[in-house]
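The values are calculated or read from the model by the stated rules, or taken from the named source; none is laboratory data. Keep in mind the model is a prediction, meaning the values are calculated, not measured. Every residue, glycine among them, receives a Cβ derived from its backbone with ideal geometry; neighbour counts consider all protein chains shown. For the accessible areas, the whole protein counts, side chains as well, though only heavy atoms, and no ligand, DNA or RNA atoms are used. Shrake-Rupley method; radii C 1.70, N 1.55, O 1.52, S 1.80 Å.
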Amino acid sequence: MKFKLVLATAAALTMAACGQQNEAAPTEVPATPAAPAAPMAVEAPTTPTAVEGTITIEDAWCRPTPNGAKAGGCYVILTSSVDDTLTGVATAQADMAQVHEMKMEGGVMKMAHLAKGLAMPKGLPTELKPHGNHIMLMGLKAPLVAGQTVKIDLTFANAGTKSVDFAIRTPPVVGGEE
């Protein structure tokens, strides 16, 4: 009987040391009539603070880059079912990927990294587009070629990371743009 108690205690301590406990059901050492075992201390399950939302991802595309270009722009329309934030972007196609904003300062259009991410109000489309907020790929490892795709991971504060295939295509000419 003592052997079973020692064996059960050793197994429980090994599981606790390795982080293998199941938080939903605390592990207890079986009690014997001769020597009741003390219940093991178990951390209370934590409740996530973030509410996972559903993200709708539409019209994900990147501009083709000329040979030798080391940077490229990508665009997408994101709609979240809860207030969320696009906190990061990553791709194997480039050394660095960031969400950038475009804004006028003193009559000059400036681009800046959104270090704190891009807020996405619940239910409202958040459009990353040319001449506006966009994804910037820097240190491209190969040109972005029309007709191909590039996989970009979009990381959200609430919805986690979504891997998206962005089509590489030439945008239509609008107005006086060329």
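Just a few scattered comments:
- Extending 7 Å from the Cα toward the beta-carbon at both MET96 and THR54 defines two label points whose distance is 3.7 nm.
- Each Lys or Arg adds one and each Asp or Glu takes one away; over the other residues whose Cβ falls under 12 Å from the Cβ of ILE152, this sums to 0.
- Accessible-area composition of the stretch 84-160, carbon plus sulfur, in percent [1.4 Å probe]: 56
- For the stretch 117-164, the spherically averaged projection of the C-alpha convex hull amounts to 4.7 nm².
- Percent breakdown of C-alpha pair distances by 5 Å bin, ordered from the shortest bin, for the stretch 59-151: 3, 13, 22, 24, 19, 12, 6, 1, 0
- In the stretch 50-110, inverting the average of 1/r over every pair of distinct C-alpha atoms gives 14.4 Å as the Kirkwood radius.
- Gain upon complete extension [ILE77, MET109; 0.36 nm per residue less C-alpha separation]: 9.3 nm
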